[in-house]
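Novice: Encoded as structure tokens, here's the structure I'll be asking about.
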Amino acid sequence: MRPFQLSLRFIFPLAFVLGAFALVMLPLVDELAQRWFLRDLDTRSQLLARSLHEPVVDLVALQDAQGVRALFDRSVNDANVNAIAFCDTAGRLVYHSSGYPSGLNCQGRAPAGMRVMESPLEQDGLVLGKLLIAQETGFIQRRTDEFRNYLFAIFLLMFVVISALGAWIAYWGWQGWMQSLKTLVRRDPGALGTPGAAPPEFRPLVSDLRALLHEMNLERRTQQHSPQAWTPDKLRSLLHDELAGDQVLVVSNREPYIHEQGEHGIVVRRPASGLVTAVEPVMRACSGTWIAHGSGSADRVTVDAHDRVPVPPKRPAYTLRRVWLSADEERGYYYGFANEGLWPLCHMAHVRPVFRTSDWDQYVAVNQRFADAVVAEAHGEDPVVLVQDYHFALLPRMVREQLPKATIIMFWHIPWPNPESFGICPWREELLAGLLGNTLLGFHTPFHCKNFLETVDRYLETRIEHDASTVSYGGELTQVEPYPISIAWPDTDAPLDVVRCRQQLRQSLQLPPLHQLALGVDRLDYTKGIVERLQAIERMLDLHPEMVGRFSLLQVAAPSRSSLDEYQSLEARVRKLTLSINQKHANPVAPPILLRVEHVDEEQLAHYYRAADVCLVTSLHDGMNLVAKEFIAARDDELGVLILSQFTGAARELHEALIINPYHIEQGAQALFRALQMPEAEQRERMRSMRSRVRDFNVYRWAGLMLLDAARLRRRQRVTEKIHSHSRQALRRAS
Ligand code: F6P
């Protein structure tokens, strides 16, 4: 049916074109044919006149009337003309052939259906008269009609033949196309990954198909594990069933609990870190050991002889193993290579990466220190190691060298840039080789996976199977997949209802009860778009002066990496801009910007989220951004508006937020004004939908999908090992 429809698409225009062509051509052809026939008649008459000239002159001179008639009659028969006549110079009809038409006279006027040609008769320069040769023209019309009919038949035949040919080509083309496509997609999915394997006509389609299949695969995986089912218990039983309770080791730079020496003794602080927000609940569910840099001033005094401390302090569920770094190591590895090099390299925030050999050396050394710690903490030869983030790009290979059977899963918490951007790193090959020591490598979005695969393709000798999303390097396989990170959905009822939260916060900030409040919660980092956020607020107040004194932004900015120049100048800029906006829009009620450069604990943050009318997430580039999800999770009243940068991973999931381009200050200002005016019904509708998504796609699902994939890869690896060992034994027996 489909090929037939396809051919109709071709046949209709063809019929139209041929019809139009025939319509124009047929009258032209008619006229041309008539002209040809008449010219033919004239030529014949001229020839006859020339051949009759001499005998007629002689016979006229002899006045031999019978001779002339006999000659004319003979010629009429021979030359197949209708009549011949001779007229004298006085215009009198003197001689003519038998059956001469009565209507024909010497004036040469031909009756209808006749064509008469006149030819002068002369002798020695003396004009004797003229010859008239008459021929019938009726046959011309008949022949022209016949000719037209033939032509019409030819057009018709052409149409039929071309249509049939077109339909045939369309049918076989369609069949062939479908067949190749089916082979490509169903029977030989691997062909999609090998550029040369696809037929040439499919090559432009291959990458689209590949992306589509990948998306479908993802969707399928998601559906297989009903999102509602992802709870800490489910994760625990997954570890038990799928990974046989194998040991889980987490490695990250940032530790989940920091012990600080406070004025009144040791205090425990939770860092402002999306990584910690996501991984900590997973560790609570799985137990195991978390290896991290001990950065707190009281960290050393709180660990045991093996540098371990059980956490969470109030209800220990897993072990925190601290690794100590010297000031030089921290400067080179953390501040230098990780945060002045890789961080700006992976974020498009227009800050130039800085690469120093001394930093790189520390990065290599510290990665080795942590890798050794992993090996030391491993109870067996094949633990499950969960490596976190860009601080440890080299560690997976280092662990793999010492524990070849380990299942190493790494999650890259920040974006992965395109190959050109990544290519400016002087140690790009080493970093990529390190990452390909992983069994499984996860990114937030399919786009980051694609960038990574393209980067590997550009800079390393590897074999990439795009449909399976694997990279084979040095005989080892790394699976690359997107796992959008999330948060743990709060499982306890909030201690305070939203109305009380609103009242309390406004009271503590000395704001009127109905004062509208927007909230920003970020590390003080240039990727977070804090300056752009303040500018949008300034613009909104410029445009809507009636909001001055009725609205404020509470900006919580957790100090971060503050020994770096870029971070210091950002803080100075934020403070200066805050001051200038507060002066410009000074009013007796409240300053437009309430800036708090401080760490705020989880409980306090939840309080802020619940008390705010609007939450502003304006990152210039962000892998995911969990503040957006935390805000949504905190709003059990289903109110509040989220303004979300289009450059966050979260924007791919939270479509009901007001999505903005943070660089477009006007747009940010408009979105903020709209959010502040948004009717409750609309807020509720948006919030309800986002809440159900965040609740279902929680962090247990994030970890669960990774662990499920890891379990599958682990099984595959074990089967492969068994096969190898059998074939080795068989070889030994044979020899
Ligand atoms: O975004 C990457 C990340 O590692 C996050 O997971 C975390 O929020 C942040 O950086 C923490 O940065 P730092 O550990 O340098 O304070």
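The values are calculated or read from the model by the stated rules, or taken from the named source; none is laboratory data. Bear in mind the structure is a predicted one, so any value in this text is a computation, not a measurement. Backbone-built Cβ (ideal geometry, glycine too); neighbour counts: all protein chains shown. Surface areas here come from the heavy atoms of the whole protein model, side chains and all, with no ligands, DNA or RNA. Shrake-Rupley method; radii C 1.70, N 1.55, O 1.52, S 1.80 Å.
Novice: Under a 5 Å amide H to amide H cut-off, with H placed in plane at 1.01 Å, what residues pair with Val250 once short-range neighbours are removed?
Specialist: Those qualifying (amide H under 5 Å, at least 5 residues apart or on another chain) are Thr289, Trp290, Ile291, Leu386.
Novice: How would you rank 648-661, 18-31, highest first, on the average number of other Cβ atoms within 10 Å across their residues?
Specialist: Working: 648-661: 21.2, 18-31: 12.8.
Highest-to-lowest ranking by the protection proxy: 648-661, 18-31.
Novice: Return the calculated 222 nm mean residue ellipticity for the chain, to the nearest 500 deg cm²/dmol, obtained by summing -39500 (n - 2.57) across DSSP H runs with n ≥ 4 and dividing by the residue count.
Specialist: It lands at -16500 deg cm²/dmol.
Novice: Roughly how many debye, to the nearest 20, is the charge dipole of segment 504-614 about its Cα centre, given +1 on each Lys and Arg Cβ, -1 on each Asp and Glu Cβ, and no other charges?
Specialist: Using only the charged Cβ atoms, the result is roughly 260 debye.
Novice: Would you work out which of Leu62, Cys501, Leu524 lies farthest towards the positive end of the dipole of the chain? Charges go on Cβ: Lys and Arg +1, Asp and Glu -1.
Specialist: So the residue we want is Cys501.
Novice: For the chain, what does the accessible surface come to per residue with a 1.4 Å probe? Please give it in Å².
Specialist: 48
Novice: Could you tell me which of Val641, Ile660, Phe631 has its Cα farthest along the dipole of segment 627-667 towards the positive end, charges placed at Cβ (Lys, Arg +1; Asp, Glu -1), taken about the Cα centre?
Specialist: Looking along the dipole axis, the top candidate is Ile660.
Novice: Work out the length of the dipole vector of the chain about its Cα centre, built from +1 on the beta-carbon of each Lys and Arg and -1 on the beta-carbon of each Asp and Glu, and round it to the nearest 20 debye. Before the final figure, lay out each step's value.
Specialist: Numbers: 80 positive and 85 negative charges, 269 e Å.
Here the chain has a charge dipole of around 1280 debye.
Novice: Over all pairs of distinct alpha carbons, what does the Kirkwood formula give as the hydrodynamic radius of the chain, in Å?
Specialist: Computed over Cα pairs of the chain, the Kirkwood hydrodynamic radius comes out at 33.0 Å.
Novice: Using θ = phi - 60° and the Karplus curve 6.51 cos²θ - 1.76 cosθ + 1.60, what whole-Hz ³J(HN,Hα) does each residue of segment 698-703 get, with Gly and Pro shown as x?
Specialist: With the stated coefficients, segment 698-703 comes to 8, 6, 5, 5, 4, 5 Hz.
Novice: Calculate one ³J(HN,Hα) per residue across segment 117-129 by plugging θ = phi - 60° into the Karplus curve 6.51 cos²θ - 1.76 cosθ + 1.60, and present them in order as whole Hz with x for glycine and proline.
Specialist: 10, 9, 9, x, 10, 10, 9, 6, x, 9, 7, 9, x
Novice: Show the residues, 5+ positions off or on another chain, whose built amide H is closer than 5 Å to the amide H of Val323.
Specialist: Ala292, His293, Gly294
Novice: So for the chain: antiparallel DSSP bridges make up what percent, rounded to the nearest 5?
Specialist: Given both bridge residues lie in the chain, the antiparallel proportion sits at roughly 45 percent.
Novice: Where the centre of each part is set by its Cα atoms, how far does segment 532-564 sit from segment 669-691, in angstrom?
Specialist: Here the answer is 19 Å between Cα centres.
Novice: In addition: Could you tell me what percent of the accessible area of the chain is made up of carbon and sulfur, with a 1.4 Å probe and every protein chain present?
Specialist: So the carbon and sulfur contribution to the accessible surface is 54 percent.
Novice: Using amide H atoms built in the peptide plane, which far-off residues or other-chain residues are under 5 Å from Gly529 H to H?
Specialist: For Gly529, whose amide H was placed from the backbone, the distant partners under 5 Å are Leu620.
Novice: Just to confirm the filter: which trypsin sites (Lys or Arg not before Pro) across segment 79-146 are DSSP coil and have at most 13 other Cβ within 10 angstrom of their Cβ?
Specialist: The qualifying sites are Arg92, Arg109.
Novice: Here's another thing I want to ask about it. By average Cβ neighbour count within 10 Å, what is the ranking of 287-295, 332-340 from highest down?
Specialist: So the order, starting with the most tightly packed, is 332-340, 287-295.
Novice: Out of Leu534, Leu577, Ala285, whose Cα points farthest toward the positive end of the dipole of the chain (charges: +1 Lys, Arg; -1 Asp, Glu; placed on Cβ)?
Specialist: Ranked along the dipole, the leading option is Ala285.
Novice: Additional query: Run the numbers on segment 554-671 and let me know its relative contact order in percent, using alpha-carbon pairs under 8 Å that are six or more apart.
Specialist: About 20 percent, as a whole number.
Novice: Moving on to the next point. Please label the shape of segment 516-663 as rounded, prolate or oblate, based on the square roots a ≥ b ≥ c of the eigenvalues of the alpha-carbon gyration tensor (a/c under 1.5 means rounded; beyond that, a/b larger than b/c means prolate, else oblate).
Specialist: Values: a/c = 1.41, a/b = 1.09, b/c = 1.29.
Cα axes put segment 516-663 in the rounded bin.
Novice: Let me ask something else about it. ³J(HN,Hα) across segment 400-406 via Karplus (A = 6.51, B = -1.76, C = 1.60, θ = phi - 60°), whole Hz, x for Gly/Pro?
Specialist: 4, 5, 8, 10, x, 8, 5
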